[in-house]
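Okay, structure first, notes after.
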Amino acid sequence: MGRNAIAANGTRSADQLAEWIERGMRMSHVYQPGVLRALLDAGGVATVRQIAQSLLAADEAQLRWYEQRAKTMPLKVLRKYGIVTMEGDLVRLNVKALSFEDRARLRALCEHRIGEFLEQRGLATWDARLIETEPVPERLRYQILKRDRRCVLCGVGPKEARLEVDHIVPRSKGGSNELTNLQTLCDGCNRGKSNLDDTSLVS
Ligand SMILES: [Zn+2]
């Protein structure tokens, strides 16, 4: 077998994998190298959940969403009680020097409070977001785009902007997938609207 041949079972040498990463991989997003990086970090074998966690850790949109979430809800409350102080983006826990045992005990208490809450609420803790990501069925999308033809807010057509189908009352607030609750928005108007919807989402 020549130096550049790939073994019959598909196993590549490090050089061959490097060559594929550099020149063979066709990318439409950062996901492929993200998955490979996660596998390399895990020593070659990982669960799908581990890979997802690794992609999540590098997902700029998710990180910004959580930064916003952290600032608007928990940090505001924790500051009010003097538990943390903030200087710009730097958050400081207002506590005297902790021993290893102190830190372990306090950490365990946080885990316990999280556990209690999750036990009570279950998946509903994140339900609003799980529902929100559920797409509008294709058949309905087509019907709505055909009915409205343009963004119902600013009036741009499909040639000027990407048109999306939006829930007038968000799914997280009990809005249905019925025709009367669906409208066509351009991506710009939709982003503006979903930012507004988001601020009142239960955290
Ligand atoms: Zn618009």
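Values for this structure:
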item	result
Residue in the range 15-24 that is free of Cβ contacts under 8 Å to residues at least 60 places away in the same chain, surrounded by 13 or more Cβ atoms within 10 Å (Cβ to Cβ) and either among the basic types (Lys, Arg) or within 30 Å of SER194 (Cβ to Cβ) (or both) present	no
Enumeration of residues in the range 41-76 that are surrounded by 11 or more Cβ atoms within 10 Å (Cβ to Cβ) and of a type in the set (A, V, I, L, M)	ALA42, ALA46, ILE51, ALA52, LEU55, LEU56, ALA57, ALA58, LEU63, ALA70, MET73, LEU75
Helices (runs of 4 or more DSSP H) completely within the range 22-73 that count 3 or more residues being over 27 Å from THR85 (Cα atoms)	31-41, 48-57
Where ARG162 falls short, out of the listed (1) within 27 Å of GLN68 (Cα to Cα); (2) within 16 Å of the ligand (Cβ to nearest atom); (3) open to solvent by less than 100 Å² (accessible area, probe 1.4 Å); (4) of a type outside the set (A, V, I, L, M, F, W, C)	(3)
Residue among LEU98, LEU182 that alone is in contact with a His (Cβ under 8 Å, 6 or more places away or on another chain) and either at pLDDT 90 or above or of a type in the set (Val, Ile, Thr) (or both)	LEU182
Filter pass, SER54 being polar (S, T, N, Q) and out of contact with any helix residue (DSSP H, G or I) (no Cβ under 8 Å at 6 or more places or on another chain)	no
So ALA8, is it in a loop (DSSP other than H, G, I, E, B) and of a type outside the set (Ser, Thr, Tyr)	yes
Exclusive hit being within 16 Å of the ligand (Cβ to nearest atom) and either open to solvent by less than 100 Å² (accessible area, probe 1.4 Å) or closer than 27 Å to LEU63 by Cβ (or both), set GLY122, GLY82, GLY157	GLY157
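The values are calculated or read from the model by the stated rules, or taken from the named source; none is laboratory data. Please read these numbers as outputs of a predicted model, since none were measured by experiment. Neighbour counts run over all protein chains shown; Cβ positions are idealised from the backbone, glycine included. Note: areas computed on protein heavy atoms with side chains; ligands, DNA, RNA excluded. Shrake-Rupley method; radii C 1.70, N 1.55, O 1.52, S 1.80 Å.
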